[in-house]
1. What distance in nm lies between label points placed 7 Å from Cα along the C-beta direction at Asp295 and Asn403?
2. Ignoring ligands, DNA and RNA, please state the percent of accessible area on the chain from carbon and sulfur, probe 1.4 Å.
3. Considering only protein heavy atoms, what per residue accessible area in square angstrom results for the chain with a 1.4 angstrom probe?
4. For helix 166-185, what angle does its Cα long axis make with the longest principal axis of the chain, in degrees from 0 to 90 and rounded to 10?
5. So if I take the alpha carbon set of region 256-405, get Rg, then get Rh from the Kirkwood formula, what is the Rg over Rh ratio?
6. By average Cβ neighbour count within 10 Å, what is the ranking of 309-318, 377-386 from highest down?
7. Based on the Kirkwood radius over alpha-carbon pairs, what value in µm²/s does the Stokes-Einstein equation return for the translational diffusion coefficient of region 1-81 at 37 °C and 0.692 mPa s?
8. Is any residue of region 44-72 close enough, with backbone N under 13 Å, to a label point placed 7 angstrom from the Cα of Val28 along the Cα-Cβ axis, and if so, which?
Amino acid sequence: MRKPKIVILGAGYGGLMTTVRLQKSLGVNEADVVLVNKNGYHYETTWLHEASAGTLQPDRVRYEISSVVDKNKVDFIQDTAVEIKTAEKVVKLENGEVSYDYLVVALGAESETFGIQGLKEHAFSISNLNSARQIREHIEYQFATYNTEEEKKDERLSIVVGGAGFTGIEFLGELANRIPELCKEYDVDFHKVRVMCVEAAPTVLPGFDPELVNYAVSYLEKKGVEFKIGTAIKGCTPEGIIVAKGENEVEEIKAATVIWAAGVRGSSIIEASGIEAMRGRVKVNPDLRAPDHDDIFILGDCCLIINEEINRPYPPTAQIAMQEGEVCAKNLTALIRNEEKLEAFTPDIKGTVCSLGEDDAIGVAFGRKMVGKKASFMKKMIDNRALYMIGGPSMVVKKGKFNIL
Ligand code: FAD
Ligand code: NAD
């Protein structure tokens, strides 16, 4: 009898968690499991702000997929998914295609620019390991070039971060530590450097605890970060950004580096495949399957689940993506074994911790607020836990964060 075939798209938190759980729960004779990912490695998306600022080497952020996937149980295909042909149960890849009986879509997020002019062309986004490397190298190039020019262009040393959500703030925390090092390396006067965060909402980290937000803002301001809140970015040019000023006016802020950290969406492959979605995110059924597609599970940043308590979607996080991976693996195992009942997914939010560089942070964990070294310790434990959940203790030893003071 032909074995059912499970295809998992994306080896991030959701996809890899599903894979490692399936390789434990299913016998080799029960199903064929295929994992498809763009790269031969997994990267920790939650560490990309560090690679972008240059405070962590790109190699520290990634590990080989072969180090966590059992090749006797899972076929790995290194390729890029292009389109899901739902009627034919086939995924078109850049270099071929793969058929499925059950599909797991865990392709992560893309930057959402909301149609704002010039952002796609002139701004960077912290989206994957290569974009992180590009940001790091671009900033270093600006510092390296500054002193070689006869006419000094101060805007080379200006960096604008668009959006003071968690990504923007975590990146600023790293940058604030990296700038003094860059100044020393490239003989640049620290006072010439300008790091500015532009946020449309009236506060940094909208919706987060105000006391913790104040801690983060004053911490980053002391390190030289300027905040321009209540100010929406309206455009981006090769010279910098355009922001709204009052009702009808606009203002230009010159900066050689613009990082757009003001929005994410799910994968555009979902829309290209005709699956109903809102900005690439599918409002899934309780068992994590896409409505009208009983053979497709959607996880992580591509999936949308409403928090009924506040009638708003849960934020797309690694914490939730990994929990979804666990439930998805259970539900796939049940389907393969022809069990009728599938588990309904309920997120179990243990807290949120936002780093402010290597040795400071703010957060709420298990209902308790924390700041400073305690919060930073908690953040590193969360990062290590993700490694442990997917790669076990040996991955924590290889890639874990132990610089805990
Ligand atoms: P990802 O983990 O991003 O994985 C997607 C995978 O799909 C990648 O391996 C990618 O290469 C692959 N892929 C993409 N497109 C294709 C394609 N077409 N074909 C083949 N493969 C493809 N969340 C938290 O809970 N805590 C945090 O501290 C935190 N910090 C963050 C810091 C930063 C800088 C950022 C950007 C996000 C952070 N998040 C955090 C959010 C979290 O990273 C995401 O919610 C999480 O990564 C989503 O998991 P995922 O499995 O959906 O996607
Ligand atoms: P976000 O959507 O959470 O924040 C984007 C910010 O940009 C918002 O504050 C918004 O008001 C602002 N903004 C939107 N349009 C703007 C404009 N035109 N001009 C200026 N500002 C504008 O996005 P994010 O910070 O990338 O986070 C994405 C997801 O990843 C979230 O779910 C977040 O919880 C998660 N994340 C979590 C952590 C953590 O837990 N430590 C870290 C990073 C990201």
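1. Taking the two extended label points, one gets 4.8 nm.
2. Numbers: 9500 of 19330 Å².
Of all accessible area on the chain, carbon and sulfur atoms account for 49 percent.
3. Details: 19330 Å² over 405 residues.
Per residue, the chain has 48 Å² of solvent-accessible surface.
4. For 166-185 against the chain, the angle is about 50 degrees.
5. Numbers: Rg = 17.9 Å, Rh = 17.6 Å.
Taking Rh as the inverse mean 1/r over Cα pairs, Rg/Rh reads 1.02.
6. 377-386, 309-318
7. On the way: Rh = 13.5 Å.
This corresponds to a translational diffusion coefficient of 242 µm²/s.
8. Answer for region 44-72: 70-72.
The values are calculated or read from the model by the stated rules, or taken from the named source; none is laboratory data. Bear in mind the structure is a predicted one, so any value in this text is a computation, not a measurement. Don't worry about glycine lacking a Cβ; one is built from the backbone with ideal geometry, like all the others, and counts go over all protein chains shown. Areas reflect the complete protein model, heavy atoms only, side chains present, ligands, DNA and RNA absent. Shrake-Rupley method; radii C 1.70, N 1.55, O 1.52, S 1.80 Å.
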